[in-house]
Amino acid sequence: MQPRRQPPPAPRSGPGNPRPTAPLLALLLLLAPVVAPAGSSGAENPAQPQDAGVPRRLLQQAARAALHFFNFRAGSPSALRVLAEVQEGRAWINPKEGCKVDVVFSTERYKPEEGEGRLGKCSARVVFKNQKPRPAINVTCTRLIEKKKRQQEDYLLYKQMKQLKNPLEIVSIPDNHGHIDPYLRPIWDLAFLGSSYVMWEMTTQVSHYYLAQLTSVRQWKTNDDTIDFDYTVLLHELSTQEIIPCHIHLVWYPGKPLKVKYHCQELQTPEEASGTEEGSAVPTELSNF
């Protein structure tokens with residue numbers, strides 16, 4: 001079993017209705033939404049009264065989960081997004097079962113050096129089951145990257161990957177100073193893309209993961225034109241400050257569904273901790289899953 005590592009520094013990330021009478025409380029907890037602007041501060045215990053408001057942490061958690069799912073289903077390293085700001089949201093909370101969250105948030109392109117700034121809004125419905133991973137998600141985003149530009153960028157990344165030496169012997173991306181060499185950027189972007197699926201599957205109502213480091217890569221020769229490689233990543237779980245090593249196998253070709261298999265250590269049972277999934281990379285489906 002791989003020893004745990006010290007985590008890298010974590011990224012910086014209204015009035016309500018009167019309390020219902022006792023006979024109606026259970027029904028209203030299931031049916032009545034708790035509404036609050038994104039900046040409101042409410043109790044973070046779902047069992048609190050409905051007039052406590054929606055915790056900002058819950059809205060952020062839902063937005064991050066929705067983006068993990070969006071990135072994976074897009075299947076495009078050039079279309080990757082990260083959370084910019086949660087703008088509004090509401091939640092239906094059932095203390096025994098979980099919660100359903102509607103959230104609106106803005107995003108930024110994953111490569112900030114390209115200077116494109118905000119990429120419009122996303123709206124999502126995220127359903128968390130209490131302490132269970134893989135939330136159910138429906139997400140729609142506006143202002144997608146123009147199709148032709150995305151295809152060109154993906155194909156350029158694809159050519160760079162095909163031209164890399166085989167087998168690869170790479171460790172520590174980024175390095176200890178947080179730097180990624182330009183020639184290694186395609187590998188990191190594809191690793192981020194595949195890891196988005198893993199992070200979505202592992203996310204619960206309280207656990208949030210981000211990609212801390214890529215520690216090994218091995219690219220395989222294939223009989224077709226796909227990019228096929230294995231890699232190991234370290235995922236940082238913020239609430240426990242644990243570092244989770246995950247081995248991921250990814251198969252990718254521009255414009256085709258992304259294929260991911262993975263196994264993570266010390267997280268869940270083997271049956272729960274490995275998955276296989278194919279996502280849609282059809283551009284017309286990106287804004288309406």
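The values are calculated or read from the model by the stated rules, or taken from the named source; none is laboratory data. Note that this is a predicted model, so its numbers are computed, not measured. Every residue, glycine among them, receives a Cβ derived from its backbone with ideal geometry; neighbour counts consider all protein chains shown. Surface accessibility is based on the protein's heavy atoms, side chains included, excluding ligands, DNA and RNA. Shrake-Rupley method; radii C 1.70, N 1.55, O 1.52, S 1.80 Å.
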Taking first residues from segment 232-247 that are under 19 Å from D189 (Cα atoms) and hydroxyl-bearing (S, T, Y) and second residues anywhere that are open to solvent by less than 50 Å² (accessible area, probe 1.4 Å) and at pLDDT 95 or above, the pairs with Cβ under 8 Å that are 6 or more apart or on different chains are T232/P245; T232/C246; T232/I248
Filtered residues of segment 198-208 (kept if in contact with a Lys or Arg (Cβ under 9 Å, 6 or more places away or on another chain), open to solvent by less than 10 Å² (accessible area, probe 1.4 Å) and outside any loop (DSSP other than H, G, I, E, B)): M199, M202
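Determine if segment 212-221 includes at least one residue that is loosely packed, with under 12 Cβ neighbours inside 10 Å and in a loop (DSSP other than H, G, I, E, B).
Of the residues in segment 212-221, the ones loosely packed, with under 12 Cβ neighbours inside 10 Å are 221.
If we keep only those that are in a loop (DSSP other than H, G, I, E, B) too, we end up with 221.
Checked segment 212-221: at least one residue is loosely packed, with under 12 Cβ neighbours inside 10 Å and in a loop (DSSP other than H, G, I, E, B).
Would segment 128-138 turn up any residue that is over 25 Å from F69 (Cβ atoms) and not aromatic (F, W, Y)?
Checked segment 128-138: no residue is over 25 Å from F69 (Cβ atoms) and not aromatic (F, W, Y).
Within the group E108, E88, which residue is modelled with pLDDT under 90, under 15 Å from A63 (Cα atoms) and acidic (D, E)?
Working: E88 fails: modelled with pLDDT under 90.
Exactly one of E108, E88 is modelled with pLDDT under 90, under 15 Å from A63 (Cα atoms) and acidic (D, E), namely E108.
Residue-wise test of (1) of a type in the set (F, W, Y); (2) modelled with pLDDT of 50 or more; (3) over 15 Å from R73 (Cα atoms).
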position	(1), (2), (3)
I243	no, yes, yes
I248	no, yes, yes
Y253	yes, yes, no
K259	no, yes, no
Y262	yes, yes, yes
T269	no, no, yes
E277	no, no, no
S280	no, no, no
Go through segment 231-254 and count every residue that is surrounded by 15 or more Cβ atoms within 10 Å (Cβ to Cβ) and over 28 Å from K159 (Cα atoms). 7
Among the residues listed as D224, D228, D175, the single one being charged (D, E, K, R), surrounded by fewer than 20 Cβ atoms within 10 Å (Cβ to Cβ) and assigned to a strand (DSSP E or B): D228
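Taking the condition open to solvent by 40 Å² or more (accessible area, probe 1.4 Å), at pLDDT below 50, over 30 Å from Y253 (Cβ atoms) and not in a helix (DSSP H, G or I), does G42 pass?
Numbers: open to solvent by 40 Å² or more (accessible area, probe 1.4 Å): no; at pLDDT below 50: yes; over 30 Å from Y253 (Cβ atoms): yes; not in a helix (DSSP H, G or I): yes.
So G42 fails the test.
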Just wondering, is there one or more residues in segment 147-155 that are of a type in the set (F, W, Y), more than 13 Å from F70 (Cα to Cα), in a strand (DSSP E or B) and modelled with pLDDT of 90 or more? no
Within segment 118-143, track down each residue that is over 17 Å from the mean Cα position of the chain (by Cα), farther than 14 Å from K100 by Cα and open to solvent by less than 60 Å² (accessible area, probe 1.4 Å). G120
